[in-house]
Amino acid sequence: MATTISIDDRFDCTPEVLFDRLSDNDFDDDLMKALNMSKALIESNDTPQGPTYKIRLTNPDTIPAIAKRFTGEHLSYVETRIWNRSKLGNTWEIVPEISGATVEAKGTTEIVADGTGCIRRTRGKISVNLPLIGKKIEEMVLQSINDTFKRNAEYCRSAIQ
């Protein structure tokens with residue numbers, strides 16, 4: 001059974017402005033620094049529709065004891081983002097570096113107009129196939145994603161103004 005990701009963040013700019021910022025690797029570098037996330041660019045590819053990035057991120061937050069034996073002190077993961085300008089969004093897939101478990105995390109982000117601004121809608125699923133504690137790890141990852149997106153939105157709002 002998968003855990004659902006559903007996050008909406010509102011911004012006071014056009015969808016195109018937000019897309020341009022979020023799909024820019026330099027802006028993302030600054031954002032990750034502001035979030036205290038360690039980021040390494042593994043692969044980058046520019047297409048007419050938009051860039052594709054494969055990055056390794058490490059969350060500095062301490063992992064709960066229940067998950068440490070699978071993740072180590074901090075959760076690291078490889079994320080692939082495929083941006084699409086015509087759809088004003090991306091598809092993403094996250095592969096957490098969790099030993100002994102099959103983990104799937106994937107979804108979409110779309111940016112839609114909303115009055116004088118826009119909304120970034122992120123939808124996805126997290127599934128951790130690990131007997132007894134898989135659901136707990138899914139909930140932990142979801143909480144981390146929600147917290148990160150909240151701080152992410154705050155940074156983006158201040159950077160766009």
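Tabulated data for the structure shown
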quantity: Of the criteria (1) at pLDDT 80 or above; (2) surrounded by 18 or more Cβ atoms within 10 Å (Cβ to Cβ), which one Thr80 fails; calculated: (2)
quantity: Unique match (being out of contact with any helix residue (DSSP H, G or I) (no Cβ under 6 Å at 6 or more places or on another chain), more than 18 Å from Leu35 (Cα to Cα), among the polar types (S, T, N, Q) and modelled with pLDDT of 90 or more) among Ser127, Ser86, Ser158; calculated: Ser86
quantity: Sole residue being small (Gly, Ala, Ser) and modelled with pLDDT of 90 or more, chosen from Gly107, Gly134; calculated: Gly107
quantity: Long-range neighbours under 9 Å by Cβ, at least six apart or interchain, first residue under 16 Å from Ile5 (Cβ atoms) and part of a strand (DSSP E or B) within segment 102-115, second modelled with pLDDT under 95 and polar (S, T, N, Q); calculated: Val103/Ser127; Val103/Asn129; Glu104/Ser127; Glu104/Asn129; Ala105/Ser127
quantity: Leading residue by the ranking (surrounded by the most Cβ atoms within 10 Å (Cβ to Cβ)) among those in segment 39-71 that are among the polar types (S, T, N, Q) and modelled with pLDDT of 90 or more; calculated: Thr52
quantity: Failed criterion for Leu132 (all others in (1) touching a strand residue (DSSP E or B) at 6+ places or on another chain (Cβ under 9 Å); (2) over 21 Å from Leu35 (Cβ atoms) hold); calculated: (1)
quantity: Residue count, segment 117-136 (criterion: of a type in the set (Val, Ile, Thr), in contact (Cβ under 8 Å) with a residue 60 or more places away in the chain and crowded, with 18+ Cβ neighbours inside 10 Å); calculated: 2
quantity: Residue satisfying all of: in segment 92-101; assigned to a loop (DSSP other than H, G, I, E, B) and not acidic (Asp, Glu); surrounded by the most Cβ atoms within 10 Å (Cβ to Cβ) among these; calculated: Ile98
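Condition check ((1) among the acidic types (Asp, Glu); (2) in a helix (DSSP H, G or I); (3) over 15 Å from the mean Cα position of the chain (by Cα)) across all residues:
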position	(1), (2), (3)
Thr4	no, no, no
Ile7	no, no, no
Asp20	yes, yes, yes
Phe27	no, yes, no
Asn36	no, no, no
Ala40	no, no, no
Glu43	yes, no, yes
Asp46	yes, no, yes
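The values are calculated or read from the model by the stated rules, or taken from the named source; none is laboratory data. Predicted model, so just to flag it, every value in this text is computed and none were measured. Because the Cβ atoms are built from the backbone with ideal geometry, glycine has one as well, and the counts that use them run over all protein chains shown.
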